[in-house]
Amino acid sequence: MNLDVIGMAFGVSPIAMMLVAPDGRIRTCNAEFDALFGYGPGALTGAPVETLLPEHLRSGHVALRQAFNVIPAKRRMGAEREVKGVARDGTVLPLELALEPVVVDGGPHVIVVALDLRHRHAQRERISSVMDAASCTMVVVDAGGRIDFVNRAVTPLLGYTPEELLGRPVEDLVPEDLRVAHQVYRRSFALLPDVRAKGRSRTVTARHR
């Protein structure tokens, strides 16, 4: 089976792809997949897919794979579910995977498309370093209202270190009597976001540590 041809049909070539049999063994990989994990052409053929996982995850993955075979479901790129792979030299690879159930030789197989996230992580680190050096306080909040990033300028302003705030609800920075209302405002903003520039004379209140 030519995975590059399949990849073009899905609009994802030349992203790394492999075909996995029902027993969890790798049927074939394209050149991009071999290169991503550091293997030569054909070296992964017949190997258990768990070969590509960190050792502490391998036994648990067998059960997950078997459950997937019972109720296969597509997993599209963009779900932002990061998984870890291991290259031949031991390098841990942050990956995003797409899964496409297919029938090959009369049996259920899975096409796995792997996206290397190292470049994306490097970009985030560069952006974070720039934001961290800024003189004004910057807070990044995820869709659930938890603090995903805060720069060093928060310490002189609010008394927290960035490490103390990561993962906490953003409402921890809001005065107690305004927290319930703020949750409503935040959810409304998530549905209808708009750009709010400085200089609009809109004053807000934050709670110091």
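The values are calculated or read from the model by the stated rules, or taken from the named source; none is laboratory data. All of these numbers come straight from a predicted model, not from anything done at the bench. Cβ placement follows ideal geometry from the backbone for every residue including glycine, while neighbour counts extend to all protein chains displayed. Quick note on the areas: whole protein, heavy atoms, side chains included, nothing else; ligands and nucleic acids left out. Shrake-Rupley method; radii C 1.70, N 1.55, O 1.52, S 1.80 Å.
Taking segment 180-209 as the range and being in a loop (DSSP other than H, G, I, E, B) and not charged (D, E, K, R) as the test, the residues that pass are Leu192, Pro193, Val195, Ala197, Gly199, Ser201, Thr203, Val204, Thr205, Ala206, His208. Filtering segment 162-179 for residues that are assigned to a strand (DSSP E or B), of a type in the set (D, E, K, R) and open to solvent by 40 Å² or more (accessible area, probe 1.4 Å) leaves an empty set.
One line per residue, one yes/no per condition, for (1) free of Cβ contacts under 8 Å to residues at least 24 places away in the same chain; (2) surrounded by 15 or more Cβ atoms within 10 Å (Cβ to Cβ); (3) closer than 25 Å to Arg120 by Cβ:
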site: Leu36; (1), (2), (3): no, yes, yes
site: Leu53; (1), (2), (3): no, yes, yes
site: Ser59; (1), (2), (3): yes, no, no
site: Val70; (1), (2), (3): yes, no, no
site: Arg81; (1), (2), (3): yes, no, yes
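Condition (residue is more than 21 Å from the chain's Cα centre (by Cα) and open to solvent by 40 Å² or more (accessible area, probe 1.4 Å)) applied to segment 115-127: is it met by at least one residue? No, segment 115-127 contains no residue that is more than 21 Å from the chain's Cα centre (by Cα) and open to solvent by 40 Å² or more (accessible area, probe 1.4 Å). Here segment 87-102 is the region considered, the condition is being farther than 12 Å from Ala114 by Cβ and not charged (D, E, K, R), and the residue that is surrounded by the most Cβ atoms within 10 Å (Cβ to Cβ) is Pro101. The criterion of at least 1 residues that are touching a Leu at 6+ places or on another chain (Cβ under 7 Å) and not basic (Lys, Arg) is met, among helices (runs of 4 or more DSSP H) falling completely within segment 27-146, by 31-37, 55-70. Would you check if there is a residue in segment 178-193 being out of contact with any helix residue (DSSP H, G or I) (no Cβ under 9 Å at 6 or more places or on another chain) and modelled with pLDDT of 90 or more? Among the residues of segment 178-193, at least one is out of contact with any helix residue (DSSP H, G or I) (no Cβ under 9 Å at 6 or more places or on another chain) and modelled with pLDDT of 90 or more, which makes the answer yes. Could you grab me the full set of residues in segment 148-161 that are assigned to a helix (DSSP H, G or I) and open to solvent by less than 80 Å² (accessible area, probe 1.4 Å)? Within segment 148-161, Val154, Thr155, Leu158 qualify. Sub-8 Å Cβ pairs linking a first residue in segment 115-136 that is modelled with pLDDT under 75 to a second residue that is open to solvent by less than 100 Å² (accessible area, probe 1.4 Å), at least 6 apart or interchain, are His121/Pro94, ordered by first then second residue. Only residues that are open to solvent by 80 Å² or more (accessible area, probe 1.4 Å) and touching a residue at least 12 places away in the same chain (Cβ under 8 Å) were counted in segment 188-209, giving 4.
Restricting Gly159, Gly144 to those that are more than 21 Å from the chain's Cα centre (by Cα) and not polar (S, T, N, Q) reduces the list to Gly159.
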